[in-house]
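First comes the structure, then the notes that go with it.
Coordinate-derived values only; no laboratory data. A quick note: this is a predicted structure, and the numbers were derived from the prediction, not measured. Positions of Cβ are backbone-derived with ideal geometry, glycine not excepted, and every protein chain shown enters the neighbour counts.
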Amino acid sequence: MDPESYIRYLLALVFVVGLVLAAGYGARRFGLGLAVTPRVKGQAKRLTITEIAALDARRRLVLVKRDQTEHLILLGVNHETVIESGIAAPKTGEAA
């Protein structure tokens, strides 16, 4: 291969990498990426996912903790169902 072909391949690679970076920038700019809420320094997280259990290929049970209360949610392909709400969170160090 002649040097001109190598230069063309290099320029094509730079062009494709530039397109990927531009698409990533556009996605973040217009909110198409992951939704991340900024936290104030020193502020504790109020919402956490405690546990996830797969029931089958389409459904999952998710235990979500908000403040000191846990909620059991069934997530499916087209629906979400709250199974139980207001579960008291176990104390730290308590056996599961």
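Quick notes
- Charging the Cβ of each Asp and Glu at -1 and of each Lys and Arg at +1, and nothing else, the dipole of region 40-96 about its Cα centre rounds to 280 debye.
- Extended-chain gain in nm, criterion 0.36 nm per residue less alpha-carbon gap, ALA22 and ALA89: 19.7 nm
- Listed residue (ALA57, GLY76, LEU47) projecting farthest to the positive dipole end of region 40-96, Cβ model: LEU47
- Distribution of pairwise C-alpha distances over region 39-85, 10 Å bins, in %: 26, 44, 21, 8
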